[in-house]
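Only one structure is covered here, and it is reproduced in the block below.
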Amino acid sequence: MPKILVTGAFGQIGSELVNSLQNKFGTDSVIATDIHLPKNFVGNAEILDVCDAEKYRQFVVDNKIDTIYHLASLLSVGGEANPDLAWTLNLGSLKTMLDIARDHKIKCFWPSSIAAFGKTSLYDPTPQHNILEPTTIYGVTKVAGELLCQYYFLKYGVDVRSVRYPGIIQYKGDVGNGTTEYAIAIFYDALKTGKFECFLKPDAKLPMMFIDDAIAATIGIMEASADAIEIRTSYNLSAISFSPEKLVQEIRKNIALKVKYKPDHHQTIADTWPKTIDDSEARKDWGWKNTVDLPKLVNIMLKEVSEKIGVNDGKK
Ligand code: AKB
């Protein structure tokens, strides 16, 4: 029975990943940690601040952890609001995790992002091996983190694996403080008020992915044989790309929605990110496949968010 630690377990990806890992390996195999815990969680959950290196190490030793999904992170907008915390949390805690993984032979996962790319990157579709000159602190921590992962693999043999997540659309966790998160917030506003103010331009197309695909990719790369993992920085990962305008059109097939576009500092970040991603290396090396297209994503989000907030999804 594996002993799995998930940090940042109640954020956007963790909320769903913990559930999938519990179903796959059994509830007792998974320990979900974060700096705040939800009230109605079923399973093992504990407070853990990953910026406290000694506590992190002791926690791993005490619980005989053999696998870590290190998800604790600020996103792009949160990072710009607090660059020092972004550096300490996104990169400092990754270094702690890699040191622990090296010393205790732990297999680990760490998420990178499309934020690793920047204005000088080659785009459309964005190749795996690329110029990485991001201009957000979030992007800087992702590029440095990718290189650190590769360094620990080459120097110490740490089995660390990573993907560059596109914008993840999920409904279980809160709406995170990022740029692609407009595409989550829109469902809450559409269902509650029938109106949405968008901080991006109508044609700001970005790579996106439904949470189920993101979880399949995360567990998929961790289950692949170590020999198959040719890239030890981070794999490009792609599913669907859409603009706010395209998403609005799809939502309007289901419910009425009025939208005002007021592009602001979020658009400045989006301007530096790719529109489409070439993820052929992930498909070739460990069999990555996406399954959820835009109409399906919109249907699921309308149903799940309406149930979560207790309003009609317009179909009943
Ligand atoms: C953000 O927008 O900051 C994140 C990301 C793409 O990494 N969702």
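The values are calculated or read from the model by the stated rules, or taken from the named source; none is laboratory data. Since this is a predicted model, take the numbers as computed values, not measurements. Note: ideal-geometry Cβ built from the backbone for every residue, glycine included; neighbour counts use all protein chains shown. The protein model used for the area step is the full one, side chains on, heavy atoms only, and it has no ligands, DNA or RNA in it. Shrake-Rupley method; radii C 1.70, N 1.55, O 1.52, S 1.80 Å.
Some observations on this one:
- All strands (runs of 3 or more DSSP E) inside the range 157-226 with 1 or more residues being under 22 Å from Leu75 (Cα atoms) and within 12 Å of the ligand (Cβ to nearest atom): 163-165, 167-169, 206-210
- Some residue of the range 121-138 being closer than 16 Å to Asn90 by Cβ, in contact with a Gly (Cβ under 9 Å, 6 or more places away or on another chain) and in a helix (DSSP H, G or I): yes
- Elements of type strands (runs of 3 or more DSSP E) in the range 23-117, at least 1 residues being closer than 17 Å to Ser162 by Cα: 67-70, 107-109
- Ala217 passes every criterion in (1) assigned by TED's automatic domain parsing to the domain that holds Pro125; (2) open to solvent by less than 10 Å² (accessible area, probe 1.4 Å); (3) over 14 Å from the mean Cα position of the chain (by Cα) apart from (3).
- Residue match in the range 279-290 (condition: more than 30 Å from Lys105 (Cα to Cα), in contact with a strand residue (DSSP E or B) (Cβ under 8 Å, 6 or more places away or on another chain), open to solvent by less than 40 Å² (accessible area, probe 1.4 Å) and not assigned by TED's automatic domain parsing to the domain that holds Leu21): no
- The requirement of being among the hydroxyl-bearing types (Ser, Thr, Tyr), farther than 17 Å from Val77 by Cα and away from the ligand (no atom under 16 Å from the Cβ) is satisfied by Tyr152.
- As for the range 309-316, it holds no residue that is touching a residue at least 24 places away in the same chain (Cβ under 8 Å), touching a Gly at 6+ places or on another chain (Cβ under 8 Å) and not assigned by TED's automatic domain parsing to the domain that holds Lys172.
- If the condition is being charged (D, E, K, R) and closer than 17 Å to Tyr69 by Cβ, then the range 220-231 contributes only Glu223.
- Extreme residue, farthest from the ligand (Cβ to nearest atom), among residues of the range 12-32 that are of a type in the set (Gly, Ala, Ser), over 22 Å from Lys105 (Cβ atoms) and in contact with a strand residue (DSSP E or B) (Cβ under 7 Å, 6 or more places away or on another chain): Ala32
- Residue count, the range 100-139 (criterion: open to solvent by 40 Å² or more (accessible area, probe 1.4 Å) and touching a residue at least 60 places away in the same chain (Cβ under 8 Å)): 6
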